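Contents: one structure, followed by commentary.
The values are calculated or read from the model by the stated rules, or taken from the named source; none is laboratory data. Note that the structure is a prediction, hence the values are computed from the model and not measured. Positions of Cβ are backbone-derived with ideal geometry, glycine not excepted, and every protein chain shown enters the neighbour counts.
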Amino acid sequence: MQNVKRILVAIKDPGARALPAVRKAAQLAQAHGAELELFHSLSQTIMVDALQAQEIDLREYEREQVARTVARLETIAARLRRHRIEVSVAAEWDHPPSEAIVRRAIKRKVDLVVAERHAGKHVAGWMLSYTDWELLRLAPCPVLIVKTPRPYHRPTVMAAVDPLHQHAKPVRLDAEILKTAGSLKTAMKGTLQVVHVYPPPVVVTAGWVAGPVLMPGADGREAEARARAALASELERLPLPPHKVTVLEGVPREALPATARATRASIVVMGAVSRSGLKRLLIGNTAEAVLDALPCDVLIIKPGRFKSPVPARSRGAQLMAIPSQMTV
């Protein structure tokens, strides 16, 4: 993601009063000299019977809704163009939203997708929604999930790496995370924090039920030394801008959010791993555990050879008709 030329902004509600994803995408576009596309997927279900009752033509209704949405997007785009940002807009009938966004990203060959967190009726309000997870899972390019409304101002960019490859990450993925974080730091005139969380040494005994037993002391010091050496080796191979390094023992799902808070990170850059051999591709377990708990925006990087399974053809409008006669 070092050379960002096209950014797709997925807008879930073109009529919303606050659009933090648009604002932050505009900042990124200015910093990278990139062009923006504002995109909205009309994915709501159309009740065919209701249209027929009102004598409304289905195709005409679809065209009117697209035109209305495009007009709203153009209003947003006009404000951005005042800041000399090249902006285009698009709206399409397609579903589900995550696949619609991915299809548009592939069609436009974008370098980055920016999407606002889709808040929903969750047990905890900070949890990501199904749409967010699917977008992260399916997108062929990096995805920035905007979780906070605060605009970027000399942001702290935190790169979460795993040079020991404890979580089955490809070797090159850490390099991509570091390069992307370094590029962001430079473009946004911020600071760069490189973080590696290594697991504590454990002894696994037969029959344990409460969990493995932590073994402090010499083993802990050796584990830290190995972690620091592995990270130093990774950093030596890359021409990174000035940065700070944090190496700490712990569990990523707890340590990474805590470190992000302590460093006041604005963006955490981390990798997602696609598990082979499964019918559905999954985001790596570590990423799944950490994403919801992070208090800031998250930029997810995919392995270089990742190919999205989303078909290129749009699904069009989602139609529903209630049968006139229903039998049991």
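Data for the structure
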quantity: Residues that are under 16 Å from Ile145 (Cβ atoms) and part of a strand (DSSP E or B), drawn from the stretch 3-37; calculated: Ile7, Leu8, Val9, Ala10
quantity: In the stretch 49-66, residue farthest from the chain's Cα centre (by Cα) [restricted to those that are closer than 15 Å to Trp93 by Cα and among the aliphatic types (A, V, I, L, M)]; calculated: Leu58
quantity: Helices (runs of 4 or more DSSP H) within the stretch 41-118 that include 2 or more residues at pLDDT below 90, surrounded by fewer than 17 Cβ atoms within 10 Å (Cβ to Cβ) and among the charged types (D, E, K, R); calculated: 58-81
quantity: Which numbered condition Leu8 misses (of (1) modelled with pLDDT of 90 or more; (2) surrounded by 13 or more Cβ atoms within 10 Å (Cβ to Cβ); (3) farther than 23 Å from Val269 by Cβ); calculated: (3)
quantity: Qualifying residue in the stretch 63-74 (condition: touching a His at 6+ places or on another chain (Cβ under 6 Å) and not assigned by TED's automatic domain parsing to the domain that holds Pro303); calculated: yes
quantity: Only one of Val209, Val203, Val213 that is modelled with pLDDT under 90, β-branched (Val, Ile, Thr) and surrounded by fewer than 10 Cβ atoms within 10 Å (Cβ to Cβ); calculated: Val209
quantity: Which numbered condition Arg253 fails, given (1) of a type in the set (D, E, K, R); (2) at pLDDT 90 or above; (3) surrounded by 14 or more Cβ atoms within 10 Å (Cβ to Cβ); calculated: (2)
quantity: Answer residue from the stretch 220-253, given it is in a helix (DSSP H, G or I) and in contact with a Phe, Trp or Tyr (Cβ under 8 Å, 6 or more places away or on another chain) and is nearest to Gly271 (Cα to Cα) among those; calculated: Ala227
quantity: Residue count, the stretch 273-306 (criterion: β-branched (Val, Ile, Thr) and at pLDDT below 85); calculated: 4
quantity: Neighbours by Cβ (under 9 Å, 6+ apart or cross-chain): first from the stretch 294-314, in the same structural domain as Thr180 (by TED's automatic domain parsing) and closer than 18 Å to Val161 by Cβ; second among the small types (Gly, Ala, Ser) and assigned to a strand (DSSP E or B); calculated: Ile300/Gly271; Ile301/Gly271; Lys302/Gly271; Pro303/Gly271
quantity: Test: Ala218 is more than 30 Å from Thr131 (Cα to Cα), exposed (fewer than 14 other Cβ atoms within 10 Å of the Cβ), small (Gly, Ala, Ser) and modelled with pLDDT of 90 or more; calculated: no
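Here's the yes/no breakdown for (1) assigned to a loop (DSSP other than H, G, I, E, B); (2) modelled with pLDDT under 95; (3) in contact with a strand residue (DSSP E or B) (Cβ under 9 Å, 6 or more places away or on another chain):
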residue	(1), (2), (3)
Arg150	yes, yes, no
His153	yes, no, no
Val157	no, no, yes
Gln166	yes, yes, yes
Gly182	no, no, yes
Val194	no, no, yes
